[in-house]
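Here, each number is a calculation from the coordinates, and none is a lab measurement. None of the values given here were measured: they were computed from a predicted structure. With ideal geometry, Cβ positions are generated from the backbone for all residues, glycine too; neighbour counts draw on all protein chains shown.
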Amino acid sequence: MDDLLRRAEAGYSRAFGGRPAGCWIAPGRVNVLGEHTDYNDGYSMPYAIGFYTAAAVSRSTSPTWQVWSEATGETVTFGPSRVSRDLSRADPVPGWASYVAGIVWSLSTLPGVRVGGARIAIASDVPLGAGMSSSAALEIAVLSALVDLYDIELSVLDRVLTARRAENEYVGAPTGVLDQTASLMSIPGHALFMDSRSNVIEPVPFDLEEAGLEMIVVDTHVRHSHATGEYADRRRDCERAAKLLDVASLRDVNHVEYLALPDRLLRRRVRHVITENARTLAAARALQDGTLGDLRYLGAAMTESHLSLMADFEVSCPELDTVVQAAIEGGAWGARMMGGGFGGSAIALVNADRSDEMCDVIAEAADLAEQPSPTFYLAVPSAGAARIDT
Ligand code: ADP
Ligand code: MG
């Protein structure tokens, strides 16, 4: 953490001169259970990981925003015309800085809020584009800084929704609130049980260290080009099924009602949503009331989740399947793909004293399958966003 803050501050000094008014950090996340459920008003269970994005920030006297990132080494400058309240009249900032401009735009559309200029330097330990949500970490770090520096009163839920709107409407990525919620609200040693309908968030005990376990993230380095189109297709399938079943969302369908759907493909899609919600709800309740007994028993639900995403929702790919199969065969308690699918990362729940061996087993399986050599990260349930005084 000290190193990350130093890099953000040093970047600030180099790019803008002087010292920032403060540093704000926000983490990436994993999602233990509940995939492709958020846009069906369903359940999920993410937690923040110990990899953070840091924003070293000061207010500017002029209404311009200057953003430097260590990841790109460039400084992007934009003025009010590019973050006009009326998005149809704005000329959106393209590229990576759009996440920052999106936050400024999203804040400016809130009633009574005026957000002035800022100088922002970004450094990050969250791998970019690997499925650990570097985008939400960037958004939440910048949002936290601007809210503090400009004394904007915003509830936790409104912060989440403001960041989500930046990503959905300004950047143009159709994501739910899972990433931003995890980045903002996580508590060490806990996961967050999220209900996407009510937006109610409940922390559930998730102390992997105490249980002698580790969660490994395996980045396959594969991202299939049809991923975005397929994601949109799945959302459409779910909307179509809900309409045919005459319900507001698939959250409202049970394991008998959906059989009324005439289309076999739609029935598979719906079966994933129903079983994934059931798995996530059951796991969260068992963690809450202590009836799970041991965290390793969650592994079976993770593996079931993968099988459902693979066979019913059809969003896995050979590279993810190789990793999950190797993990299970190598002795993991459970493993599954994570995120939208068609590449990205998988997670595996393993005994802490066997995690090095597990990484070797998975790397060997990837090699035998002639896949890119994966990268491994340890995902420790960690704290959400914070201001750090340096
Ligand atoms: P993920 O959120 O899983 O990492 P996304 O595609 O949603 O993947 O977001 C990754 C994008 O977010 C990057 O390509 C980049 O545009 C932007 N981004 C995230 N973190 C940073 C950073 N530290 N510096 C610059 N851009 C970043
Ligand atoms: Mg993202």
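As an exercise, use a Förster radius of 25 Å and the Cβ-Cβ distance of VAL256 and ALA311 to find the FRET efficiency, rounded to the nearest 0.05.
Rounded to the nearest 0.05, the efficiency is 0.80.
Quick one: if the Förster radius is 22 Å, what FRET efficiency do ARG14 and SER81 give, using the C-beta to C-beta distance and rounding to 0.05?
Plugging the Cβ-Cβ distance into 1/(1 + (r/R0)^6) gives 0.20.
Give the Cα extents of the chain along the principal axes, in whole Å, largest first.
Principal extents (largest minus smallest coordinate, Cα): 59, 50, 43 Å.
As a test of the formula, what do you get for the chain when each DSSP H run with n ≥ 4 contributes -39,500 (n - 2.57) and the sum is divided by the residue count, at 222 nm and rounded to the nearest 500 deg cm²/dmol?
Theoretical 222 nm ellipticity from helices: -12000 deg cm²/dmol.
Under 1.5 on a/c is rounded, so check that first for segment 139-197, then, if it is not, pick prolate when a/b is larger than b/c and oblate when it is not; a ≥ b ≥ c are the square roots of the alpha carbon gyration tensor eigenvalues.
oblate
Given R₀ = 35 Å, FRET efficiency for TYR150-GLU239 by Cβ-Cβ distance, to 0.05?
On the way: r = 38 Å, r/R0 = 1.08.
Efficiency for this residue pair is about 0.40.
Have a look at ALA327, ALA90, ALA145 and tell me which one the Gaussian network model of the chain (Cα, springs below 10 Å) gives the largest fluctuation.
Ranking ALA327, ALA90, ALA145 by mean-square fluctuation puts ALA90 first.
Apply the Karplus parameterisation 6.51 cos²θ - 1.76 cosθ + 1.60, with θ equal to phi minus 60°, to every residue of segment 62-68 and state each ³J(HN,Hα) to the nearest whole Hz, in sequence, with x for glycine and proline.
In residue order, the calculated couplings are 9, x, 10, 10, 10, 10, 10 Hz.
Please list, in chain and number order, the residues 5+ apart from SER60 or on another chain whose amide H is under 5 Å from its amide H, with Hs placed from the backbone.
Distant-sequence amide H within range of SER60: GLY117, ALA118, ARG119.
Calculate the dipole size of the chain relative to its Cα centre from +1 charges on Lys and Arg beta carbons and -1 charges on Asp and Glu beta carbons; express the result in debye to the nearest 20.
So the magnitude is around 1480 debye.
7 Å from Cα along Cα→Cβ at both ASP207 and SER108: what's the point-to-point distance in nm?
Modelled inter-label distance: 4.7 nm.
Which distance in Å, rounded to a whole number, links the C-alpha centroids of segment 249-283 and segment 1-69?
36
Specify the angular offset, from 0 to 90 degrees and rounded to the nearest 10, of the alpha carbon long axis of helix 318-329 from the longest principal axis of the alpha carbons in the chain.
Between helix and principal axis, roughly 60 degrees.
Please state the relative contact order of the chain as a whole percent: Cα pairs under 8 Å, 6+ residues apart?
For the chain, the relative contact order is 23 percent.
Would you work out if segment 254-354 is rounded, prolate or oblate? Take a ≥ b ≥ c from the square roots of the eigenvalues of the alpha-carbon gyration tensor; rounded if a/c is under 1.5, else prolate when a/b is larger than b/c, oblate otherwise.
Here segment 254-354 falls in the oblate category.
Pull out a ≥ b ≥ c, the square roots of the eigenvalues of the alpha-carbon gyration tensor of segment 207-378, then state rounded if a/c is under 1.5, prolate if not and a/b is larger than b/c, and oblate in the remaining case.
Numbers: a/c = 2.75, a/b = 1.38, b/c = 1.99.
Cα axes put segment 207-378 in the oblate bin.
Once both axes come from the Cα atoms, what is the angle between helix 298-311 and the longest principal axis of the chain, in degrees from 0 to 90, rounded to 10?
Long axis of 298-311 versus the principal axis of the chain: about 90 degrees.
How big is the antiparallel share of DSSP beta bridges in the chain, given as a percent to the nearest 5?
Working: 46 of 51 bridges.
The antiparallel fraction comes to roughly 90 percent.
What's the extension gain from GLU370 to THR228 if we count 0.36 nm per residue and subtract their Cα-Cα distance? Could you put the intermediate results ahead of the total?
Values: separation 142, 0.36 × 142 = 51.12 nm, distance 2.47 nm.
Difference between extended and current length: 48.7 nm.
Which residue, GLY172, SER316, THR220, has the largest displacement toward the positive end of the dipole of the chain when charges sit on each Cβ (Lys, Arg +1; Asp, Glu -1)?
Going by the Cα projections, it comes out as GLY172.
Given a 10 angstrom Cα cut-off, can you work out which residue in ALA348, ALA232, ALA332 is the most mobile in a GNM of the chain?
ALA232
For segment 179-196, what does the Karplus curve 6.51 cos²θ - 1.76 cosθ + 1.60, with θ = phi - 60°, yield as ³J(HN,Hα) per residue in whole Hz, taken in order and with x for Gly and Pro?
Going residue by residue, I get 5, 5, 4, 4, 5, 8, 10, 5, 10, x, x, 9, 10, 10, 8, 10, 9, 6 Hz, with x marking Gly and Pro.
Relative to the longest principal axis of the chain, what angle (0 to 90°, nearest 10) does the C-alpha long axis of helix 227-244 take?
Roughly 60 degrees between the two axes.
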